[in-house]
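Okay, structure first, notes after.
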Amino acid sequence: MFDYDKAFSRNIGWVTKEEQAQLRNKRVAIAGAGGVGGAHLLTLARLGIGKFCISDFDDFEVHNFNRQFGAFMSTIGEDKVAVMERMARDINPEADIRSYPDGIFAHNVDDFLEGVDLYVDSLDFFALEARKVVFQKCYEKNIPVVTAAPLGMGCAFLCFMPGKMSYEEYFRFEGKNEEDQLIQFLIGLSPAMLQRPYLVDESAVSFHEKRGPSTGMAVNLCAGIAETYALKILLNRGEILHAPHGLHFDAYRNKLVKTWRPFGNAGLLPRIMFMIAKKVVAK
């Protein structure tokens with residue numbers, strides 16, 4: 001009963017038939033199959049992307065219900081990659097999906113990125129080491145990267161393109177301990193900090209316990225922005241804002257900010273933000 005051309009025919013108009021055929025043969029890697037990862041996978045599947053590499057070592061739990069596309073009473077305790085692969089195949093039974101249920105590490109990252117046209121970062125905010133491994137390997141392999149962070153009720157977006165500013169050049173983690181690296185990651189992801197004024201319960205955020213609040217609205221916004229960039233990158237059309245430029249849209253604040261950190265986190269303003277954030281975290 002499945003017919004690829006019919007299934008994705010409503011994309012035509014915003015993409016040509018020839019471009020849709022190109023998308024069918026593209027491979028996108030997504031590390032993390034929970035909140036934004038699940039949203040990315042299903043949105044890209046509905047765009048007609050035909051090949052994926054997905055990873056996650058976790059199972060679905062009740063506390064995932066507020067934002068994760070594969071979290072249901074019927075999937076509690078199931079592997080996230082197994083559930084999300086099933087859901088993606090329910091959209092496109094012909095999809096070529098390579099799953100990595102143990103997560104991504106130095107020993108399997110090359111296989112994970114084999115033949116990949118784009119990497120969409122969906123790792124947990126606190127997964128610094130795994131993120132460094134994947135981003136560095138993407139840089140070496142000239143694979144474009146998009147990362148969309150669900151912050152508050154908005155999305156902070158960054159794109160790293162081959163031959164441009166790298167992940168490490170932007171975030172500047174070298175020589176810092178884990179907590180300081182997390183602060184560096186936060187102020188680099190969200191230079192505008194649009195979400196900060198409406199955080200109503202600060203006890204919900206703890207760098208020490210590696211937890212923070214989330215919303216389904218932010219996850220959906222991330223999918224819309226990241227997959228729009230995925231389309232532009234994969235079809236080589238449209239303006240690409242890449243690091244040190246970024247975007248931050250916050251629906252609650254009715255604001256869109258184009259961010260620019262010409263020296264990454266090495267600039268004066270990010271260093272001031274770091275000192276302020278470090279005092280806040282220490283409280």
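The values are calculated or read from the model by the stated rules, or taken from the named source; none is laboratory data. From a predicted model like this one, the values you see are computed outputs, not experimental measurements. A quick note on method: Cβ atoms are made from the backbone with ideal geometry, for glycine too, and the neighbour counts reach across all protein chains shown. In case anyone asks, the SASA skips ligands and DNA or RNA and just uses the protein heavy atoms, side chains included. Shrake-Rupley method; radii C 1.70, N 1.55, O 1.52, S 1.80 Å.
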> Just for region 106-147: of the residues that are modelled with pLDDT under 95 and aromatic (Phe, Trp, Tyr), which one is surrounded by the most Cβ atoms within 10 Å (Cβ to Cβ)?
Replying inline: PHE125
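Could you list, in sequence order, the residues of region 73-115 that are in a helix (DSSP H, G or I) and over 18 Å from the mean Cα position of the chain (by Cα)?
The first filter runs over region 73-115 and keeps only residues in a helix (DSSP H, G or I), leaving 73-75, 80-91, 109-112.
Correct list: MET73, SER74, THR75, ALA82, VAL83, ARG86, MET87, ARG89, ASP90, ILE91, ASP110, ASP111.
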>> Can you go through PHE52, PHE57 and tell me which one is touching a residue at least 40 places away in the same chain (Cβ under 8 Å), more than 19 Å from LEU221 (Cα to Cα) and surrounded by 24 or more Cβ atoms within 10 Å (Cβ to Cβ)?
In response: PHE52
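Mind listing just one residue for me: the one in region 135-147 that is among the aliphatic types (A, V, I, L, M) and under 12 Å from the mean Cα position of the chain (by Cα) and, of those, nearest to ASN64 (Cα to Cα)? Don't jump to the end; show me each part of the working.
If we filter region 135-147 for residues that are among the aliphatic types (A, V, I, L, M), which is where we start, we get 143, 145-146.
Narrowing the set further to residues that are under 12 Å from the mean Cα position of the chain (by Cα) leaves 145-146.
Values: VAL145: 25, VAL146: 23 Å.
By that ranking, first place goes to VAL146.
Can you tell me which of GLY50, GLY34, GLY70, GLY38 is at pLDDT below 95 and farther than 13 Å from TYR119 by Cβ?
On the way: GLY50 fails: at pLDDT below 95; GLY70 fails: at pLDDT below 95; GLY38 fails: at pLDDT below 95.
From the options GLY50, GLY34, GLY70, GLY38, the qualifying one is GLY34.
I'm checking my understanding of the structure. Among residues of region 232-283 that are in a loop (DSSP other than H, G, I, E, B) and of a type in the set (A, V, I, L, M), which one is farthest from PRO197 (Cα to Cα)? Talk me through it step by step, then tell me what you get.
Here is the first cut: in region 232-283, the ones in a loop (DSSP other than H, G, I, E, B) are 236-244, 251-254, 261-263, 267, 283.
Among the residues that remain, those that are also of a type in the set (A, V, I, L, M) are: 240-241, 243, 251.
Values: ILE240: 29, LEU241: 26, ALA243: 25, ALA251: 13 Å.
Out of the qualifying residues, it is ILE240.
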> Among the residues of region 194-215, is there at least one that is assigned to a helix (DSSP H, G or I), under 24 Å from LEU47 (Cβ atoms), open to solvent by 40 Å² or more (accessible area, probe 1.4 Å) and in contact (Cβ under 8 Å) with a residue 12 or more places away in the chain?
Replying inline: no
> When you go through (1) within 12 Å of ALA223 (Cα to Cα); (2) open to solvent by 10 Å² or more (accessible area, probe 1.4 Å) one by one for GLY38, which number turns out not to apply?
Replying inline: (2)
